[in-house]
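The values are calculated or read from the model by the stated rules, or taken from the named source; none is laboratory data. Just so you know, these numbers come straight off a predicted model, no measurement behind them. Because the Cβ atoms are built from the backbone with ideal geometry, glycine has one as well, and the counts that use them run over all protein chains shown.
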Amino acid sequence: MDNPLTPSQRLLIVATFVAAMVLAVIPLPASVELLRPDWVALVLVYWCMAIPERIGIASGWVLGLFLDALYGSLLGEQALAKALLAFLVLRFTLRLRMFPRSQQAIAVGALIAISDLTVIVINSFAHGTRFLWSDTAPMIANIIVWPAVFTILREVRRRAKIS
């Protein structure tokens with residue numbers, strides 16, 4: 001950590017997470033609601049890969065707590081899932097960076113799927129809900145949108161000179 005983030009750089013990173021949370025709750029027609037990617041997870045994955053020494057498990061936990069409040073879900077459900085996701089991304093960051101974008105999208109999709117399955121398992125124990133195949137649609141959407149999310153956030157990072 002030779003050069004710390006400036007306040008404006010920190011604010012920009014927080015703004016990307018806020019934008020992701022807005023995208024996570026913005027109303028969509030029922031026909032496309034099932035295809036909503038996990039925007040917060042995608043942004044968390046990007047920042048964990050880009051600046052792993054600054055964005056990590058604690059960031060995932062805090063984001064998850066905000067999501068728990070935002071969704072009105074069991075407190076700690078999203079927090080555990082996002083902390084697990086951050087841990088997995090940090091564990092595999094060097095490998096993920098070397099993959100071509102298409103393979104990276106599949107790997108990122110798999111890591112987010114593990115996070116999503118954590119939430120599904122917690123819900124099944126807490127509420128008795130069952131796994132539905134429609135629960136996999138966002139997982140596929142994550143793979144599809146990852147290249148665009150990566151490209152946009154990389155450009156944001158370069159312009160803000162975040163390293």
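Remarks
- Scanning segment 2-51 for residues that are part of a loop (DSSP other than H, G, I, E, B) and surrounded by fewer than 16 Cβ atoms within 10 Å (Cβ to Cβ) turns up Asp2, Asn3, Pro4, Thr6, Ile26, Pro27, Leu28, Pro29, Leu34, Leu35.
- Count of segment 132-163 residues which are of a type in the set (A, V, I, L, M), more than 20 Å from Phe99 (Cα to Cα) and either part of a helix (DSSP H, G or I) or more than 20 Å from the chain's Cα centre (by Cα) (or both): 4
- Contact map, segment 70-82: residues that are without any contact (Cβ under 8 Å) to a residue 60 or more places away in the chain paired with residues that are of a type in the set (Ser, Thr, Tyr) and surrounded by fewer than 20 Cβ atoms within 10 Å (Cβ to Cβ), Cβ distance under 7 Å, separation 6+ or inter-chain. Pairs shown: Gln78/Tyr71; Leu80/Thr118; Ala81/Thr118.
- Verdict on Val89 being in contact (Cβ under 8 Å) with a residue 40 or more places away in the chain and in a helix (DSSP H, G or I): yes
- Of all residues in segment 66-89, those satisfying the criterion of being surrounded by fewer than 18 Cβ atoms within 10 Å (Cβ to Cβ) and on the phi < 0 side of the Ramachandran plot are Phe66, Ala69, Leu70, Tyr71, Leu74, Leu75, Phe87.
- Which numbered condition Thr129 misses (of (1) assigned to a helix (DSSP H, G or I); (2) of a type in the set (Ser, Thr, Tyr); (3) at pLDDT below 90): (1)
- Count of segment 24-54 residues which are of a type in the set (A, V, I, L, M, F, W, C) and over 12 Å from the mean Cα position of the chain (by Cα): 9
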